[in-house]
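Chemist: Okay, handing you the structure first.
Please treat every number below as a calculation from the coordinates, not as lab data. The structure displayed is predicted, hence computed values, not measured ones. All Cβ positions, glycine included, derive from the backbone under ideal geometry; neighbour counts span all protein chains shown.
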């Protein structure tokens, strides 16, 4: 099996510190580069609810830098989002289990809700509503609080393996770069894979985190010796 020498992941390096360290230890060149930009939408009327749920670090940052929290409880998708929220808030009442898939996290969160509780989801204009769709329509409030803008960047470097963390990142990458059959493509979850339908083979990570990435690399390609 060919050695993997160059990897691209569509996210900032500070979101994947263990992957950065792992690649360095295995003499793999890792490029961490998001292909989207977040633009907050200001002066919105924020609803009063029992819960507010943040789906991503970028979404949480866009909201918390421009609005206060009117809910009494906070839910987050996973540890990456929790890390961002804790820069603004001291308490998180629900954090998705990073070893579980996004649909499973949605079900887990729904099971935590009391019968009378309502949830506010600040979302992107490109949101797939992966968590919100598990909550009854009468109990949830969804409001677009930020825009996700594509930021295509052309790379002259060839990558052996590309890891796409969202549908928007894949679409943006594709606008400026060619896709070749000899490359290995990895998607964070089924929603991202669905955006990559034109590719014959896409590996899907069940859990959207760096542990799942490292486990995939070790299982598929051994220790790279």
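Chemist: Note the listed values (1) 41, 31, 22; (2) 33, 18, 16; (3) 25, 19, 18, then indicate which one is semi-axes √(5λ) of the Cα gyration tensor in Å calculated from this particular structure.
Modeler: Matching entry in (1) 41, 31, 22; (2) 33, 18, 16; (3) 25, 19, 18: (2).
Chemist: A further question on this structure: In degrees from 0 to 90, rounded to the nearest 10, what is the angle of the helix 102-112 Cα long axis to the longest principal axis of the chain?
Modeler: For 102-112 against the chain, the angle is about 20 degrees.
Chemist: I need two numbers for segment 40-149: Rg to one decimal and Dmax as a whole number, Cα atoms only, in Å.
Modeler: In order Rg, Dmax, the Cα atoms of segment 40-149 give 12.6, 37 Å.
Chemist: Sticking with this structure for a sec: Give the angle, between 0 and 90 degrees and rounded to the nearest 10, that separates the Cα long axis of helix 210-221 from the longest principal axis of the Cα atoms of the chain.
Modeler: On a 0 to 90 degree scale, this one is about 30.
Chemist: For segment 96-204, take N as its residue count and report Rg(C-alpha) divided by 2.2 N^0.38 Å.
Modeler: Relative to the rule-of-thumb radius for its length, segment 96-204 sits at 1.29.
Chemist: Follow-up question, since we're still on this one. Express in nm, to one decimal, how much length is gained between residue 178 and residue 100 on full extension, taking 0.36 nm for each residue of separation and deducting their alpha carbon distance.
Modeler: Contour length minus the Cα-Cα distance gives 24.9 nm.
Chemist: May I pose another question? What ranking of 29, 24 emerges when the number of other C-beta atoms within 10 Å of each C-beta is taken as an exposure proxy, fewest first?
Modeler: Placing the least packed residue first, the sequence is 24, 29.
Chemist: Quick one: work out the % antiparallel among DSSP beta bridges in segment 40-149, nearest 5.
Modeler: Among the beta bridges of segment 40-149, antiparallel pairing accounts for roughly 5 percent.
Chemist: Where both residues lie in the chain, what percent of DSSP beta bridges are antiparallel, nearest 5?
Modeler: About 15 percent, rounded to the nearest 5.
Chemist: Another question about this same structure. Grab the Cα-Cα distance for residue 117 and residue 142, subtract it from 0.36 nm times how many residues apart they are, and report the gain in nm with one decimal.
Modeler: 7.5 nm
Chemist: Taking the Cα centre of each part, how many Å lie between segment 1-67 and segment 100-175?
Modeler: Spelled out, the Cα-based centre of one part sits 12 Å from the other.
Chemist: At a Förster radius of 41 Å, what calculated FRET efficiency corresponds to the Cβ-Cβ distance of residue 45 and residue 198, to the nearest 0.05?
Modeler: It comes to 0.55.
Chemist: Given springs between every Cα pair under 10 Å in a Gaussian network model of the chain, which of 211, 134, 116 has the largest fluctuation?
Modeler: In this elastic network of the chain, the residue with the biggest mean-square fluctuation among 211, 134, 116 is 116.
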